[in-house]
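Structure first, then comments.
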Amino acid sequence: MSTAIAPSPIGGAPTHYRGPAPSRDIPSSDQQVGPRDLLRVFYRHRTMMALVVGTITLAVLVQQWLSPTLYRASSTVQVELIDEVGTNQADVNSRNAERVANAVRLHRSRSAAEQVVADLHLTKDNDFLKELGKVPDDKRVLQQAATNKVLSMVAISSEAGSDLVEISVTAGSPVLAASIANQIPVSVRSLRTMKTNERRAELLASLEQEQQARATEAEETAQRVADFRSQHQMLTGAGGAEDLAQLNRIAVQSASAIAARDASMARSAGIARASRMQSTALASSGVLDQLERTRGELVAETSKLSTSLGPNHPDVKRLNSQLATVNDGIVKEQARVQAAAQADVSAKAAQMTELARSQAAGDSAQANRLEGIVAGLSSTAYRNTANSVQLDKLVRESTLADDAYKAIAGRVEQVRAQMQMEGVSSSVVSPAVPDFDPVAPAPVKMAITALLGSSVLAFLIAFARDFLDDRLRTTAQIRRLFGLPTLGMLPLLNSNLSEDPNDSPVINEPQSLFAEVARSTYTEVRALDRRPTDARGNSQVVLVTSPLPGDGKSTVSLTLAAAGIAMGDRTVILDLDLRKRGALQRLQNEMQMPDLVDIVCGRADLDSLVSPRSAHPYDGKLITAADGTQVIEPEGANKIVLLSAKDPVAEPALLLSSNRLKTLLEQLRERFELVIINAPAALAVRDARAMCHFADQTVLVARWGHTTGDQMRAALEMLDDSVGGVIFDQVDYAEHARRRYGDSVQFYADSASYYSSPVPTRDEWAAKVRRFFRGHSWRPVEA
């Protein structure tokens, strides 16, 4: 368990308690901001806050008093929104919100204000010129001033999720405000149309120029393709699939002609053979047929007569003679008919054979001709294939040029069509009317608003100042930030203790507030732990240092020595801050005491300076102090003993490392109850850290409201863990109590009757009111 210090209800001095000390740089519950902390911030900075609130409120009242009477007129514009079915509704809402925002920005733009000035001829309007004040002679300056005035008069606003835009105009004339509010949408619409047409006209001229260039390029590329085809005799489709299809088609025709030729030759040979195979036995004629009928009749008649008359009947004989004549005629006629038929068959066979041969010759000629065509086409196709790469390149260039021309031509037609459209996307749904009820000035409303706003601003400034202020002032800060006890908070004195330490108020005014706090601080210092190896009774060596020079460590050393004298202890101040001339060195010269360097070097005797301490430190005589109180003055203990160098020491390290200095410390332990070592500032030189092993405890002095947390933290890191506590010096009790830190110092005014000197006390309410504006809420009163 480590020893920590709790504040005492008297004198601001802490008392010891046992418990774990909080670690350094770790925030504790003290850092939680509550209502009491906010109230304390108000008390600490109320003068500054009152100044801020009063200045702002007064400025607003003056401004309202000097402001002219103003009137306001408002018109409402509805923005055309997108309503697309089947699309993402979130995307549509986002685009609609952007359309409304764009409309607000457009109505608020400077171009719109310039257009309103031009449309309403405001530079010639008397009411507007009154609003403008001093009229410039230069027309350009006048136009610019009028535009700026219109912008300052107009307020454009829209609500989230709404398609309505409200245009409010504030002016000294209600009619002028209404006319400007109604003119803004019209001017914006005409301005937008004019600007859009200007941009489209510029775009159209550029597109037409580009179209002409693309047309020329398309013609040139097409001509290059035609010239290449003419030069290489390549028709459309040459060198590609069409060449192959044509070649295949003619090859098929050639193969068909060859087959037809072979078929014709085979057919002519067959016809010749078939003509030789025909028979004429069945050949007949009309005569032969008549003879055959006659013979039949004769045979029938002969058979009939032979049966009835007999074969030798003359009629039968006559018929047989006729029948023989007819048979001879039939034989002759058959011979003639067969010869004629044979001749006819031979002629027809010869004709058919010749026809077949002629067909075969024609087919053969056709086949030969087609074979020649196929060979020519094949040669042309190979040549076209070799030229197709260059031709394809030219065709691609021609196609791209033609497509580019068509795209530019379509874009030109589109821009021309858009220029015929008005493009209105908003309309006035509620025109402005003159309102003769003024809206300004409103001193009561603005004063209340300024009061509330400036109060919040002043509180934020005060809170920021308090938050950014890391200067140390309270025991809670030391305990929270560094885990160290605060041994005392020495009040601020008007007198300088270094003039004559033996005239210290601790000795001369023992019932004063400073004396009480000094004795309490001395008691806490004496209560610090001593080294376990020290067996010299209650003798104690305390090292006093501070983060930086000027923090008051010499004053604290003198105050502790004086408190020890007042409490009957022998105390000595050993000044080892030897690098520069300080207050203790000046006192050394004034007190005519031996030089420390002479004592260490043996040129002066310590025994001649101080005698060994008496057996009872409180033996003495009763005397009357400066304040009239009766106190005991210990014998031989009523003087502060100071050991210091008369001049700065060039090399103090040699003195600090000498064994004679250690011997001197041992001798001082034997003669004094408290040895106070006044060390250099910890952050100035390294001497303080080297001296820590000389002392039982190290006390770090912090100048109230001056030493920062970073300085204290750096000093503690330099001194490691040898620091036993912190003493605040030059504490402004009145300011400390005014800030209401909630510690014992805040309630010292309630204990004024205990002290012989004036102490801070609370003012009466009337005095509080007077001092509230002067920044002083505490006054010293006599006990």
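Every read-out reported here was derived from the displayed coordinates using simple, explicitly stated rules and does not represent laboratory data. Quantities reported herein were computed from a predicted structural model and do not represent experimental measurements. Neighbour counts are summed over all protein chains in view; Cβ atoms, including those assigned to glycine, are modelled from backbone coordinates with ideal geometry.
Send over the Kirkwood Rh of the stretch 684-744, from the inverse of the averaged 1/r over different Cα pairs, rounded to one decimal Å.
After inverting the pairwise mean of 1/r, the radius is 13.2 Å.
Quote the relative contact order of the stretch 76-194 in percent (integer), defining contacts as alpha-carbon pairs under 8 Å separated by 6+ residues.
Details: 126 pairs, mean separation 41.0, N = 119.
After rounding, I find 34 percent.
Percent of Cα-Cα pairs more than 14 Å apart in the stretch 56-125, please.
Looking at the stretch 56-125, the distances longer than 14 Å represent 77 percent of pairs.
Taking amide H atoms as placed 1.01 Å from N in the peptide plane, list the residues 5 or more away in sequence, or in a different chain, whose amide H sits under 5 Å from that of ALA440.
Under 5 Å from the amide H of ALA440 lie the amide H atoms of LEU70, each far enough along the sequence or on another chain.
Net charge around ALA360, counting only other residues with Cβ within less than 9 Å of its Cβ (Lys, Arg = +1; Asp, Glu = -1)?
Working: positive: ARG261, ARG267, ARG357; negative: ASP262, ASP363.
Net local charge, ALA360 excluded: +1.
What residue among GLN390, ALA340, PHE436 has its Cα farthest toward the positive end of the dipole of the stretch 329-454, where the charges are +1 on Lys, Arg and -1 on Asp, Glu, each on the Cβ?
Selected residue: ALA340.
Would you mind computing, in nm to one decimal, how far apart the modelled labels at ASN197 and ARG95 are, each placed 7 Å from Cα along Cα→Cβ?
That separation, rounded to one decimal, is 2.7 nm.
Any idea what diffusion coefficient the stretch 360-422 gets from Stokes-Einstein, in µm²/s, Kirkwood Rh on alpha carbon pairs, 4 °C, 1.567 mPa s?
79 µm²/s
Go through 698-705, 402-409 and give me the packing order, highest mean Cβ count within 10 Å leading. Don't skip to the end; give the middle numbers.
On the way: 698-705: 25.1, 402-409: 15.8.
Going by the mean number of other Cβ atoms within 10 Å, highest first, we get 698-705, 402-409.
Please get the size of the charge dipole for the stretch 643-696, origin at its Cα centre, with Cβ charges of +1 on Lys and Arg and -1 on Asp and Glu, quoted in debye to the nearest 20. If you can, show how the numbers build up before the last one.
Values: 7 positive and 7 negative charges, 17 e Å.
Magnitude of the dipole: close to 80 debye.
Please give the net charge around ALA222, taking every other residue with its beta carbon less than 15 angstrom from that of ALA222, where Lys and Arg add +1 and Asp and Glu add -1.
Here the charged neighbours net out to -2.
Could you order the peptides 652-662, 451-461, 130-140 from most to least packed, using the average number of other C-beta atoms within 10 Å per residue?
451-461, 652-662, 130-140
Applying 1/(1 + (r/R0)^6) with R0 = 25 Å to the Cβ-Cβ distance of VAL433 and SER109, what FRET efficiency is obtained, to the nearest 0.05?
0.50
Of LYS130/LYS195; LYS553/LYS639; LYS195/LYS406; LYS134/LYS445, which pairs sit farther than 25 Å apart, going by alpha carbon to alpha carbon?
The pairs that break the limit, which is 25 Å between Cα atoms, are LYS130/LYS195; LYS195/LYS406; LYS134/LYS445.
I'd like the Karplus ³J(HN,Hα) series for the stretch 643-652: coefficients 6.51, -1.76, 1.60, θ = phi - 60°, whole numbers in Hz, and an x wherever there's a Gly or Pro.
Values, residue by residue: 10, 8, 8, 6, 10, x, 9, 5, 10, x Hz.
So what's the convex hull volume per residue for the Cα atoms of the stretch 80-236, in Å³?
171 Å³
Compute the length gained on full extension between ALA263 and THR307: take 0.36 nm times their separation in residues and subtract their Cα-Cα distance, giving the result in nm to one decimal.
Taking ALA263 through THR307 to full extension adds about 9.3 nm, to one decimal.
For ILE727, what residues show an amide H to amide H distance below 5 Å, using hydrogens built from the backbone and excluding near sequence neighbours?
Close amide H contacts, sequence-distant or interchain: LEU487, LEU700, VAL701, ALA702.
ILE677's amide H: which non-local residues (gap 5+, or another chain) put their own amide H closer than 5 Å, with H modeled 1.01 Å from N in plane and none for Pro or chain starts?
Residues meeting the criterion, in which the H sits 1.01 Å from N, are VAL542, LEU543, VAL544, LEU574.
How would you rank 175-186, 479-490, 106-117, 333-344, highest first, on the average number of other Cβ atoms within 10 Å across their residues?
479-490, 175-186, 106-117, 333-344
Pull up the cross-link candidates among the lysines for LYS662, meaning alpha carbon to alpha carbon under 21 Å and not fewer than 8 places away within one chain.
Within the straight-line cut-off, LYS662 pairs with LYS646.
Taking the Cα centre of the stretch 303-423 as origin, work out the dipole magnitude from +1 charges on Lys and Arg Cβ and -1 charges on Asp and Glu Cβ, in debye rounded to 20.
600 debye
Can you give the percent of C-alpha pairs in the stretch 298-360 whose distance is more than 16 Å?
It works out to 63 percent of all Cα pairs.
How big, on average over all directions, is the shadow cast by the Cα convex hull of the stretch 85-129, in nm²?
Computing the convex hull of the Cα atoms and averaging its projections yields 4.4 nm².
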